[in-house]
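First up is the structure itself, then whatever we jot down about it.
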Amino acid sequence: MEQYDNITDLGLSFGDGNDNPSGVGEIAFFIPFSWMKTVAKPADATTAGSLITITGNHMMIAGKAPIKVNTLFDKSGINWKLAGEKLSKIFEIGAELFVPDNSVKSLGSAAALKTYRGILLIGKIDGSGHFWQVGSELIAATIVDIAGGTGVGPTGEVGSKITVQSYASVPVYSYEGAVPPVGAA
């Protein structure tokens, strides 16, 4: 495809001696499209990494801020796989966020999230302060399931697992812009 013609550093490799930690950070943000003034996107790609890297900032409309989601590290993550036919492939991206809290605020927020379309930012654990992004200006991330409960017996799991889904031409985006402050006007 034309979008890949100018990229000369394509390659899949493992850097021996480099950290490659699994999992995602315990902080995520869901940002509804209807709350955003602009959605940042990758610049024209010149390297393989620039295909997925977003360096600009998402901008919120006045009075709105991202919805903060505190997740549990060992029960949250992002997965992707190819979908489509031979010559029309796209990545199906799924994120699972486990929130170990049944407070009225958390359950009320889960009820509100279920109908929004937007983007999901999930913290990287590589120390960069950057985020993985699910959803883009082209195809929204949507909440496809929220499952949870109070747990059964003294060792039952309490909380909600939120499943988010999107599609994109890349496995996942790397968001390096600023996150608008939560609660900011």
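The values are calculated or read from the model by the stated rules, or taken from the named source; none is laboratory data. It should be emphasised that the depicted structure is a prediction, and the values quoted were computed from it without experimental measurement. Ideal geometry is used to build each Cβ from the backbone, glycine not excepted, and the neighbour counts take in all protein chains shown. We work out accessible area using only protein heavy atoms, side chains counted, and drop any ligands, DNA or RNA first. Shrake-Rupley method; radii C 1.70, N 1.55, O 1.52, S 1.80 Å.
Across the range 1-31, what is the number of residues that are exposed (fewer than 10 other Cβ atoms within 10 Å of the Cβ) and touching a residue at least 60 places away in the same chain (Cβ under 8 Å)?
2
Could you say whether any residue in the range 109-121 is among the hydroxyl-bearing types (Ser, Thr, Tyr), under 19 Å from VAL164 (Cα atoms) and part of a helix (DSSP H, G or I)?
Within the range 109-121, one or more residues are among the hydroxyl-bearing types (Ser, Thr, Tyr), under 19 Å from VAL164 (Cα atoms) and part of a helix (DSSP H, G or I).
Could you grab me the full set of residues in the range 96-108 that are open to solvent by 30 Å² or more (accessible area, probe 1.4 Å) and assigned to a strand (DSSP E or B)?
So in the range 96-108, the residues open to solvent by 30 Å² or more (accessible area, probe 1.4 Å) come out as 96, 100-108.
Scanning the range 96-108 gives a single hit, GLU96.
Within the range 76-95, restricting attention to residues that are closer than 27 Å to GLY56 by Cα and touching a residue at least 60 places away in the same chain (Cβ under 8 Å), which residue is surrounded by the most Cβ atoms within 10 Å (Cβ to Cβ)?
Once the filter is applied, the top-ranked residue is ILE93.
Being open to solvent by less than 60 Å² (accessible area, probe 1.4 Å) and assigned to a loop (DSSP other than H, G, I, E, B) is the filter; apply it to the range 159-185 and report the residue that is farthest from LYS105 (Cα to Cα).
Of everything passing the filter in the range 159-185, VAL170 is farthest from LYS105 (Cα to Cα).
Out of the residues in the range 140-152 that are in a loop (DSSP other than H, G, I, E, B) and open to solvent by less than 60 Å² (accessible area, probe 1.4 Å), which is farthest from PHE30 (Cα to Cα)?
Filtering the range 140-152 for residues that are in a loop (DSSP other than H, G, I, E, B) and open to solvent by less than 60 Å² (accessible area, probe 1.4 Å), the one farthest from PHE30 (Cα to Cα) comes out as GLY151.
Just a yes or no: is a residue in the range 129-137 surrounded by fewer than 18 Cβ atoms within 10 Å (Cβ to Cβ) and either of a type in the set (A, V, I, L, M) or not in a strand (DSSP E or B) (or both)?
Yes, some residue in the range 129-137 is surrounded by fewer than 18 Cβ atoms within 10 Å (Cβ to Cβ) and either of a type in the set (A, V, I, L, M) or not in a strand (DSSP E or B) (or both).
Name the pairs whose Cβ atoms lie under 6 Å apart, with the first residue in the range 123-146 and over 16 Å from ILE93 (Cβ atoms), the second modelled with pLDDT under 95 and of a type in the set (S, T, N, Q), and 6 or more positions between them or separate chains?
ILE146/SER160
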